[in-house]
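The numbers here are math on the coordinates, done by the rules we state, and not lab data. Keep in mind that this is a model prediction, so the values were computed, not measured. Here the Cβ positions follow ideal geometry from the backbone for every residue, glycine too, while neighbour counts run over all protein chains shown.
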Amino acid sequence: MDNLNQIRAQIAFDEIAQLETTAHKDFKSLASNLPAMIQQNGLIATWAFLLAKNKDHHQSILSLLMAHYRKNVPFLDIPEGLSAKDFYHNHLINENGQACARLMELTAETIAFSGWIKRAAEALCTGGN
C-alpha cells in the first residue's frame, strides 16, 4: 500500500505529464508560487484568486486539487462532476458564509499536495523560471 506522499506525488506527476507543452511556462510559474500563496493568503482566498483568473493554468491547478480531494480527502465526499466553483461555494464556504469545519486540516493537506505539484512542474515542465 502506498503512503500518502507517494499518492500525492503520483497524482501530481501523472496529471502534469499530460499538460500541453504550450502551457508549461505559465503552469510552472504558478505551481512554484502555489504553496506560498496558500500559506500566506489561506486556502479560501487562494481558491478565489484561481477562480477569478479563469486562465488555463489556473484551471489546471484547480482540476489537480479537485482530483486529489476526490481520491484522498474522504471527509469532503466530493461527487464526480462537481466544479471547482461549486466546490468553493458548497464545501469551502457554506450558505451561511461560514468556513468549512475542517478547513485547517484541508489547508494543511492542500499545502502538502501543492508541494508535490511544484516539484512535478519543476521536473516536467519546460520553460519558465
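Of all residues in the range 42-76, those satisfying the criterion of being in a helix (DSSP H, G or I) and either of a type in the set (D, E, K, R) or at positive phi (or both) are K53, D56, R70, K71.
Kindly indicate whether any position in the range 27-41 is surrounded by 12 or more Cβ atoms within 10 Å (Cβ to Cβ), in contact (Cβ under 8 Å) with a residue 24 or more places away in the chain and not in a helix (DSSP H, G or I). Let's see the steps before the verdict.
Keep residues of the range 27-41 that are surrounded by 12 or more Cβ atoms within 10 Å (Cβ to Cβ), which gives 27-39, 41.
Keeping just the survivors that are in contact (Cβ under 8 Å) with a residue 24 or more places away in the chain gives 27-32, 34-35, 38-39.
The next check asks that each one be not in a helix (DSSP H, G or I); those that pass are none.
No, every residue in the range 27-41 fails to be surrounded by 12 or more Cβ atoms within 10 Å (Cβ to Cβ), in contact (Cβ under 8 Å) with a residue 24 or more places away in the chain and not in a helix (DSSP H, G or I).
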